[in-house]
Amino acid sequence: MSVNKYLEKLSEPFGADCVKWRLQNLNKEKTEGYAVAYLDSRAIAQRLDDVVGQMRWKDEYKPWMPSKDNRSQLCTIYIFDDELKEWVSKSDGAEMSEIQPIKGGISDAFKRAAVKWGIGRYLYSMKPVWVKAKRQGKSMVVDGSELPRLQQTYLTFLKNIDGPGETSAKKPPAQKTPESKKSNIAPMYEILGVKKQQNNNIVRSLLRIKDLKSEDKVATVYYNGEDSNLKVGAKLGRAVFSSKDTDFGKVHILQDYDLAA
């Protein structure tokens, strides 16, 4: 079976019981903040097991771009393609986290690589929810009293994805293809140059991206892997960037995007 046959099932929404919530942008008093939906590594691994089979996917970790303290790693998720008779891979990276640095960093890299396969990507379009916060050990977490409201907000979000009249939490969003990945919003960025870099079987794309809101602003951005949509002249309607400090200075990474119409 071709890997393409797996993509629709991999990208299906998860039930509300599988979705976790983390806090960001707390207020000054640290009593409230935005709750952001995410999937944990166990849910992602279970999805891969269910769709692909335990023996037909694997993950691999390597040091990522050199940083000042070497606290970053790249995760590659491989899925075996029966038709091609080879492993197909997608990669992404993350820095070590503040809590349980090694375990947390590896988990974050795994989750980001899974998004490249479509697992949980739909959650990027869900708006954060303002909630009460409480302290748990050294961390701030979502107050337990908010969980029923968050679950209901998530179910409502799924209905909007499915369309009017749909109530199923299992119906997958439209599969993103080179055509359907186009958004109907105005272009915000234009790709001026693309260069492929390969090191130890890890492929990265080096992009020169122009900010169309500022004619003189051109940035060099990394993208983990290759993508036929990212070519010279392509315009992006939405782009999610991250940045990190390395021995060579600050670098910017394109995490996700939509093509402009």
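Exactly one residue among LYS28, LYS62 is surrounded by 14 or more Cβ atoms within 10 Å (Cβ to Cβ), basic (Lys, Arg) and at pLDDT below 90, and that residue is LYS62. The set of residues in region 213-235 being part of a strand (DSSP E or B) and in contact with a Pro (Cβ under 7 Å, 6 or more places away or on another chain) consists of LYS235 alone. Any residue at all in region 124-143 that's assigned to a loop (DSSP other than H, G, I, E, B) and closer than 30 Å to ILE79 by Cα? The answer is yes, given that some residue of region 124-143 is assigned to a loop (DSSP other than H, G, I, E, B) and closer than 30 Å to ILE79 by Cα.
Residue check: ASN160 meets all listed conditions (1) open to solvent by 70 Å² or more (accessible area, probe 1.4 Å); (2) modelled with pLDDT of 90 or more but one, namely (2).
The values are calculated or read from the model by the stated rules, or taken from the named source; none is laboratory data. Here the structure is a predicted model, which is why all the values come from computation and not from measurement. Here Cβ is always computed from backbone atoms with ideal geometry, including for glycine, and neighbour counts include all displayed protein chains. Ligands, DNA and RNA are stripped out before the accessible areas are found, and what is left, the full protein with its side chains, is counted by its heavy atoms. Shrake-Rupley method; radii C 1.70, N 1.55, O 1.52, S 1.80 Å.
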